[in-house]
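Shown next, in structure tokens, is the structure this report addresses.
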Amino acid sequence: MPHRGLTPRNDPPYMGHMSASLYNARILRLATSIPHQARLADAQASVSKRSPICGSRVTVDVVLDGEGRVAALGQEVRACALGQASAALMGAHAIGRTPAELAAARDALTAFLAGERDDPGDWPDLDIFLPARPHAARHPSIRLAFEAVAEAAAQALAEPVR
């Protein structure tokens, strides 16, 4: 007899087994601990990115120091748990990074999610998104924070340091 009601992992039927692997305790813990959640009044550059699939939105503000490294970061995150977790990982490690390093992290994450590389690169803990690889519809929300910070840092690099 087919199982009705909750799935074997006690997920609501509309979520199926996807939620157990995608929305695990590590993801949910990260989603509740996003650093730098205040917009910067003196940002050199600000970039907003939105996922066309789920409507998640991330806005990132940056200020670079005289050496071209991120000295200050602010972000506003209105995203699903995956987007929030990604913003948490980005925010935890973006200070001190160059625009080139941020672009490399964005590109490595994109290739990792697409299955074009086996590892997510040097950025800490991005392997947490391994269960999302087969779910292409989730990739845009995971990439938002990294796309926004890479673009903002590149724009700020073109601006004179204040």
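With charges set only on the Cβ (+1 for Lys and Arg, -1 for Asp and Glu), what does the dipole of the chain come to about its Cα centre, in debye to the nearest 20?
Values: 17 positive and 17 negative charges, 153 e Å.
Rounded to the nearest 20 debye, it is 740 debye.
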Volume per residue (Å³) of the convex hull spanned by the alpha carbons of the chain is 107 Å³
Highest average packing first - 98-107, 111-120, Cβ atoms within 10 Å: 98-107, 111-120
Around Leu82: net Lys/Arg minus Asp/Glu count, Cβ-Cβ under 11 Å: +2
Among residues other than Pro99 whose Cβ falls under 10 Å from its Cβ, what is the net charge (Lys/Arg +1, Asp/Glu -1)? 0
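Once you compute Rg and the Kirkwood Rh from C-alpha atoms, what is the Rg to Rh ratio for the stretch 64-144? Please list the in-between numbers first.
Values: Rg = 12.8 Å, Rh = 13.1 Å.
That ratio equals 0.98.
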Place +1 on the Cβ of every Lys and Arg and -1 on the Cβ of every Asp and Glu in the chain, take the dipole about the Cα centre, and give the residue among Ser51, Ser21, Ala158 whose Cα lies farthest towards its positive end. Ser21
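Readers should treat all values here as calculations from the given coordinates under stated rules, not as data from a laboratory. For clarity, every value in this text was computed on a predicted model and none was experimentally measured. We place every Cβ from the backbone using ideal geometry, glycine too, and count neighbours over all the protein chains shown.
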